[in-house]
Each structure stands twice: as structure tokens, then as C-alpha cells.
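One structure is given here, and the rest of the page talks about it.
The values are calculated or read from the model by the stated rules, or taken from the named source; none is laboratory data. Keep in mind that what you see is a predicted model, and the values were worked out from it rather than measured. Note that each Cβ is placed from the backbone with ideal geometry, even for glycine, and that neighbours are counted across all protein chains shown.
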Amino acid sequence: MKFFDYFFRKKIYSSPENFIDLSQFIGTLIDNTVNSLFRDYHKVLIDEEITYIVFAVWGAKKDGELTPLQIEINNKIVPVIQQVIEAFKAKNMTDSQNYAIGFLVRGMIIAKITYLIELFKNKISTRDTKTQQNHDISSFLASLGSGAGDNQTGFDDSTWFNRFGDDNFRRW
């Protein structure tokens, strides 16, 4: 009767808390890394082409060499990718699986940093002319939130719902 065992075997699931803990750990790690990189290098990142950060995150450039600053940025990203891979606690991951995780993490980092660069540029260009308020980096990042417990943009769900009035974003 092994034929029926296939259909009626008990499935082993991890508890939902494990999924949430892992995703919160990875999300917070990436958010903190992105905020730290943007805080440390925003002056250069705003002045350079947007592809500057792509080469820095990947640690490679098609034509030519990386700048010392790009190498420095890459040296801060590589340990984060290793931490994410280690968080999965998979001992027998293939090189292809490791690369896939690194690819996804790098993509997230690039997307978040480019978003922050463009958001900061927009904030600077539309600054309040009446008060001539300077938009320094610490107040800018503080306005986005900490990333811990928030979604990737720094706002919680209720903020998005109040802001946009539509809860369709909650569907996945």
C-alpha cells in the first residue's frame, strides 16, 4: 500500500514564525545596509551616473576598472550577502543556488539605493523656497523610517492605506 502513502503522507511545515523571523532578519539587514551605504556615500552617489552603484554592488565593471570607492562599497555588501546565505542554514547549497540568492540580494540593494538616490534628488530639487530649508541626509533617512518592522519604503501598511486609500496593495 505504498501507493497511498504518497497521497496521504503528513506534510512537514515549518512554523509561520520561522518564515516571518527569517524575512524580517533579511529585510532589516538589507535596509540597514542600504541606509548605511546611502548615508556614507550619498554625496558621490548623487553626482555620479546611476550605473555607478550597479557596478559597485556587483563588484565588476564591463569596461575598465572599479574606482576605489566602488571597491569599498562592494566590500561592505559581500558580507551582507554571506549573512543572507547563512541565514538559510542550508549546508548543501549548490553554487547555482548561492549565486541566485546573491543575485536577488544585489538586485534588492540596487533597487533600494537607486530609489533613495532619486528620492533625495527630488527632495532637494523641490525644497521649500520660503524657508530655504536644507535637506540633510539624517533628517531625510529619519523621515523614511527605520526599516525594522516597516515595509521596504519605511512606511507601515496603515500609513500606505491612509495615504492612498486603497488596500489592494495588501493582495499578493
- Taking M93, is it closer than 25 Å to F25 by Cβ, of a type outside the set (V, I, T), surrounded by 13 or more Cβ atoms within 10 Å (Cβ to Cβ) and in contact (Cβ under 8 Å) with a residue 24 or more places away in the chain? no
- Only one of (1) over 24 Å from F25 (Cβ atoms); (2) without any contact (Cβ under 8 Å) to a residue 40 or more places away in the chain does not apply to L104, and that is (1)
- Please work out which one of (1) in a helix (DSSP H, G or I); (2) modelled with pLDDT under 85 is the condition S14 fails and give its number. (1)
- Note on the structure: Output for Cβ contacts, cut-off 8 Å, separation at least six or different chains, first residue without any contact (Cβ under 8 Å) to a residue 60 or more places away in the chain in region 51-68, second of a type in the set (G, A, S), reads L66/A56; L66/G59; L66/A60
